[in-house]
Amino acid sequence: MSLHILGTGSYVPPLVVTNDDLSKYVDTNDEWIVSRTGIHQRHISVDETATDMAAKAAFAALENSGVKAEELDLILCATVSGDNLCPNLACMVQATIGATCPAFDLSGACSAFLFLLETAAAYLSTGRYHKILCVGSEQMSRILDWNDRSTCILFGDGAAGVVVEQGEDYLGSQLMVRGGDEVLKVPTPIGNSPFTKLEPTHPYVYMNGSETYKFATRTVPAQIQQLLEKTGVEQEQVDWVICHQANRRIIEAAARRLKGIPLEKFLMNIDEYGNTSAASIPLLLDECNRKGILKRGDLIVLAAFGGGLSCVATLIRW
Ligand code: COA
């Protein structure tokens, strides 16, 4: 597999919604949210869609990479909260940034960004494409039930991505899926067909929190361990872990199981953004890139989990 990250970019909407702000809408409080999740605030869209945010993140990633939109030969995007089912987000990004290349979406919920990287790396190794833009963008506020305190406090809006080219920095990946929709789902509306006998859906995020928690705390460290074993890398050699930002306690539990990787190596920004689903990993990657935290040659484990259920761990060299 072939991949080198040329640059990163991200965008979050300006409105910051604190836990205290949320307590005006649902029966919750700052102490409960911070102690259970580590989330202090999230950015929420007022008038920007997943497409608007994705395009801004794409422009930032192109600028950071020194690549022009017309030089891209593929755009890969992911969202569970896009403006339309058709056209997909990647087509909308292509039009907005002025690119002319093929563009398509992959669907993978909170693991989606790592499915995008896997796909990009496979295409780059064949030589079929040379410069690929990968963007995850979410307007989660659009698909949350704002009367459900167990889910609406967890998520935030935002977009982020990378521009990649051929290179030797994709060291391995470990993908698993335990298919089913009992634990986590976002149903689509059933429509108004006069012929349907389907039950009407509740087209918002549904999550069994404790089952999701159990899945993540068991699977994420197991996948990372298997990834490191198959790539021949010791836990002690890992410089950073960028884990999907869903819950600080999940990340702490994963760190406890990976005895050779101390918690300080698990980078986090969940306090500021909450769970931004497909944007979560590239948002943190971009923040660390721009702050100069990541040094050339660093070994970074990227780890994601989400609806599917799925769990992906990827090892890259920075
Ligand atoms: N504010 C205050 N109380 C709340 C609340 C909120 N926002 N949400 C739920 N509660 C209440 C529940 O109603 C419950 O009350 P009860 O005991 O009277 O019924 C109580 O808090 C405990 O709820 P519980 O679900 O046991 O809390 P928890 O410690 O398991 O934490 C989550 C809940 C959602 C934070 C936790 O399960 C979690 O993080 N799960 C994984 C979520 C995740 O990663 N999602 C993303 C997947 S990509």
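The values are calculated or read from the model by the stated rules, or taken from the named source; none is laboratory data. Please read all numbers here as calculations on a predicted model, not as lab measurements. Every residue, glycine as well, gets a Cβ built from its backbone with ideal geometry; the counts of neighbours run over all protein chains shown. All accessible areas refer to the heavy atoms of the entire protein, side chains included, with ligands and DNA or RNA removed. Shrake-Rupley method; radii C 1.70, N 1.55, O 1.52, S 1.80 Å.
Miscellaneous remarks
- Contact map, the stretch 166-179: residues that are of a type in the set (S, T, N, Q) paired with residues that are assigned to a loop (DSSP other than H, G, I, E, B), Cβ distance under 8 Å, separation 6+ or inter-chain. Pairs shown: Gln166/Ser2; Gln166/Gly127; Gln166/His130; Ser173/Met1.
- Among the candidates Ile242, Ile251, Ile293, Ile281, residue that is assigned to a strand (DSSP E or B) and either under 23 Å from Tyr11 (Cα atoms) or out of contact with any helix residue (DSSP H, G or I) (no Cβ under 7 Å at 6 or more places or on another chain) (or both): Ile242
- Extreme residue, least open to solvent (accessible area, probe 1.4 Å), among residues of the stretch 188-214 that are closer than 20 Å to Asp148 by Cβ and among the aromatic types (Phe, Trp, Tyr): Tyr213
- The lone criterion from (1) within 16 Å of the ligand (Cβ to nearest atom); (2) open to solvent by 10 Å² or more (accessible area, probe 1.4 Å) left unmet by Ile33 is number (2).
- Residue count for the stretch 239-278, restricted to those that are free of Cβ contacts under 8 Å to residues at least 60 places away in the same chain and away from the ligand (no atom under 12 Å from the Cβ): 14
- Neighbours by Cβ (under 8 Å, 6+ apart or cross-chain): first from the stretch 193-213, part of a helix (DSSP H, G or I); second basic (Lys, Arg): Tyr213/Arg249
- Count of the stretch 149-168 residues which are outside any strand (DSSP E or B) and either of a type in the set (Asp, Glu) or more than 12 Å from the chain's Cα centre (by Cα) (or both): 9
- Tyr11 within 16 Å of the ligand (Cβ to nearest atom) and either modelled with pLDDT of 95 or more or not basic (Lys, Arg) (or both): no
- Yes/no for Ala222 being among the hydrophobic types (A, V, I, L, M, F, W, C) and either under 26 Å from Met53 (Cβ atoms) or buried (at least 19 other Cβ atoms within 10 Å of the Cβ) (or both): no
For (1) under 14 Å from Lys131 (Cβ atoms); (2) modelled with pLDDT under 95; (3) of a type in the set (S, T, N, Q); (4) surrounded by fewer than 21 Cβ atoms within 10 Å (Cβ to Cβ), each residue gets a yes or a no:
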| position | (1), (2), (3), (4) |
| --- | --- |
| Asp83 | no, no, no, yes |
| Ala90 | no, no, no, no |
| Gly98 | no, no, no, yes |
| Pro102 | yes, no, no, yes |
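- Filtered residue count, the stretch 296-318, keeping only those that are more than 16 Å from the ligand (Cβ to nearest atom) and part of a strand (DSSP E or B): 7
- Scanning the stretch 283-292 for residues that are under 17 Å from Asp169 (Cβ atoms) and of a type in the set (A, V, I, L, M) turns up just one, Leu285.
- All of Ser125, Ser111, Ser137 fail the test of being at pLDDT 95 or above, open to solvent by 40 Å² or more (accessible area, probe 1.4 Å) and not assigned by TED's automatic domain parsing to the domain that holds Gly306, apart from Ser125.
- In the condition set (1) touching a residue at least 24 places away in the same chain (Cβ under 8 Å); (2) not in a loop (DSSP other than H, G, I, E, B), Trp146 is compliant with all but (2).
- Of all the residues in the stretch 299-317, those that are open to solvent by 20 Å² or more (accessible area, probe 1.4 Å) and over 19 Å from Ala279 (Cβ atoms) number 2.
- Test: residue in the stretch 261-271 that is among the acidic types (Asp, Glu), open to solvent by 20 Å² or more (accessible area, probe 1.4 Å), within 23 Å of Glu165 (Cβ to Cβ) and assigned to a helix (DSSP H, G or I): no
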